[in-house]
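Down below is the structure, laid out as structure tokens.
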Amino acid sequence: MEAVVERTQQYLAGFTQQLEAELDAAKEKIEKLKKQLQEQNPVPKDQVGLQEEINAKDRQIRGLERKVVELKRGVEEEKNKAARMRLKVEEMEKELAKKDKLIEELKRGE
């Protein structure tokens, strides 16, 4: 059971890292595009179109950032679930040990 939880956590962590890397790459690409466009078009005739494109990319970045936050929350929730499962397993093992001890005592008493 712990292996399943661990694999899930690793998958989510990897997915989160991938999204963060994509987000960073998108930010860098936007900055490069801004610089290229400013160099190519120093005249503000295309500024409205460029600004719209920049705004669209910014919205896309914010969407990716929200996804990253949601994934991080999901990872934390999975970690919490795993911790609760471990505690429950420990409790069950303690109960089982008590029952085994009681059975042994009853067998000795016969």
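The values are calculated or read from the model by the stated rules, or taken from the named source; none is laboratory data. Everything quoted here is computed from the prediction, not taken from an experiment. Cβ coordinates were reconstructed from backbone atoms using ideal geometry, including for glycine residues, and neighbour counts include every protein chain displayed.
How many residues are among the hydrophobic types (A, V, I, L, M, F, W, C) and under 30 Å from residue 14 (Cα atoms) when one looks only at the range 58-110?
Total satisfying the criteria: 11.
Kindly list the number of the only condition in (1) at pLDDT below 85; (2) assigned to a helix (DSSP H, G or I) that fails for residue 42.
Condition (2) is where residue 42 drops out.
I'd like the full set of residues that are surrounded by 12 or more Cβ atoms within 10 Å (Cβ to Cβ) and more than 17 Å from residue 17 (Cβ to Cβ), limited to the range 65-107.
Listed by number, the residues that qualify are 81, 82, 85, 86, 89.
Quick one: residue 3 ticks every box in (1) among the aliphatic types (A, V, I, L, M); (2) under 28 Å from residue 77 (Cα atoms); (3) over 20 Å from the mean Cα position of the chain (by Cα) bar one, so which box is it?
Unmet condition: (3).
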